[in-house]
Amino acid sequence: MIKAVTFDLWNTLVEDKSYVDERVECLADALSRVGVSKGRSELREAYHASYNYARKVWENENHRHVTNEERLNYILERLSTRLTEDLRLKVLKDFEEVALLDPPPLAEGVRETLKSLRGDYRMGVICDVGITPGRILRRVLEDYGILKFFDTTVFSDENGYCKPHRKIFEKALTDLDVKPPEAIHIGDLLQTDIAGAKAIGMRAVWLNKEGRPNTEPYRPNYKVRMLPEILDILHGTV
């Protein structure tokens, strides 16, 4: 019997949104304050290189989460540049909080789906973060009026591990006080959401909005195109 439902966040509860341009401008401003001038293309390349660095750590270090401090240090080293401690802290703060100035859009059908599930299931969020941390994403969810629906919100920057590592799923299940077979997870990424949930013994729903073919070796229990379709799954009509 399913007692709990967990959700991915990006491209599941909220739509994906890039903040690269804003962070590049923030970095350019900080460098100008120490008399360093770098072209936007060079700053953008360093920023994207830090993403690739984080990806390699994820692949080679058992899905460890890379902190924002690590990523900023990587960017600055790549640019052969140093900042004062005050400027470093300002850049980190601005990097993290840009999503509050221009929040990612709430995905279609989210609020209605959560309202329908409330009271019948315990609910949680299991989210890998990039640079926007859990403390900011909780504020985004609160501003949309949906944080109240969740009994737990687990973010990789606070957990130390990213999906599909079992620790991030275990944390959510412990908070929800359910065993893996009593929970179902929904997310859009096969390699992280589906693989991680199934490895720990949960059921998994692949949110495949574009209807793309599954070319990966991960097999969800269910597939949906829109989030509200999980209501039919949970109510036993699928």
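Coordinate-derived values only; no laboratory data. Model, not experiment: these values are computed from the prediction. Every residue, glycine among them, receives a Cβ derived from its backbone with ideal geometry; neighbour counts consider all protein chains shown.
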Legend entry - Evaluated at q = 0.11, 0.25 Å⁻¹: base-10 log I(q)/I(0), Debye formula over Cα of the stretch 20-101: -0.28, -1.29
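If neighbour count is taken as other Cβ atoms inside 10 Å, put Glu96, Glu45, Glu210, Glu112 in order from fewest to most. It would help to have the intermediate numbers written out before the result.
Working: Glu96 19, Glu45 16, Glu210 6, Glu112 12.
Least to most surrounded, the residues fall as Glu210, Glu112, Glu45, Glu96.
Sort 136-145, 82-91, 159-168 by packing, meaning the average of other beta carbons within 10 Å per residue, with the highest value first.
Details: 136-145: 16.5, 82-91: 13.8, 159-168: 21.1.
Packing order, densest peptide first, comes out as 159-168, 136-145, 82-91.
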Inset, instruction - Would you tally the net charge around Leu227, using a Cβ to Cβ cut-off of less than 11 Å, leaving Leu227 out, and scoring K and R as +1, D and E as -1? - result: -2
Inset, instruction - In debye, nearest 20, what is the charge dipole magnitude of the chain about its Cα centre with +1 on Lys and Arg Cβ and -1 on Asp and Glu Cβ, if you could check? - result: 440 debye
Legend entry - Amide H within-cut-off set for Val125, under 5 Å, with H built and near neighbours excluded: Phe7, Thr152, Thr153, Val154
Inset, instruction - Positive end of the charge dipole of the chain (Lys, Arg +1 and Asp, Glu -1 on Cβ, about the Cα centre): tell me which of Pro105, Phe95, Leu190 has its Cα farthest that way. - result: Leu190
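Starting from the alpha-carbon convex hull of the stretch 120-171, give the projected area averaged over all orientations, in nm². Each step should come with its number before you reach the end.
Details: hull surface 15.2 nm².
Averaged projected hull area, Cα only: 3.8 nm².
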Inset, instruction - Compute the relative contact order of the stretch 48-109 as a whole-number percentage, counting only Cα pairs closer than 8 Å that sit 6 or more residues apart in sequence. - result: 25 percent
Inset, instruction - Could you please tell me the mean projected area of the C-alpha convex hull for the chain, averaged over all directions and given in square nanometres to one decimal? - result: 13.2 nm²
Inset, instruction - Give me the lysines in straight-line cross-link reach of Lys93: C-alpha distance below 28 Å, same-chain residues under 8 apart excluded. - result: Lys17, Lys38, Lys56, Lys148, Lys163, Lys167, Lys171
Legend entry - Lys, Arg +1 and Asp, Glu -1 on Cβ, resulting dipole of the stretch 20-101 about Cα centre, debye, nearest 20: 200 debye
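To make sure I understand, if each residue's beta carbon is the centre and we count other beta carbons within 10 Å, what order do Asp193, Asp21 fall in, fewest to most?
Working: Asp193 28, Asp21 12.
Taking fewest neighbouring Cβ atoms as first place, the list is Asp21, Asp193.
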Inset, instruction - Enter the angle in degrees (range 0 to 90, nearest 10) between the Cα long axis of helix 20-32 and the first principal axis of the Cα atoms of the chain, meaning the one along which they spread out most. - result: 30 degrees
Legend entry - Of Phe155, Ala172, Ile131, farthest towards positive along the dipole that unit charges on Lys, Arg, Asp, Glu beta carbons give the chain: Ala172
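Take the Cα radius of gyration of the stretch 104-238 and divide it by 2.2 N^0.38 Å, with N its residue count; two decimals is plenty.
Details: Rg = 14.2 Å, N = 135, 2.2 N^0.38 = 14.2 Å.
Computed over Cα atoms of the stretch 104-238, the ratio equals 1.00.
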Inset, instruction - Pairs of Cα atoms under 8 Å, at least six residues apart: use those to get the relative contact order of the chain, whole percent. - result: 24 percent
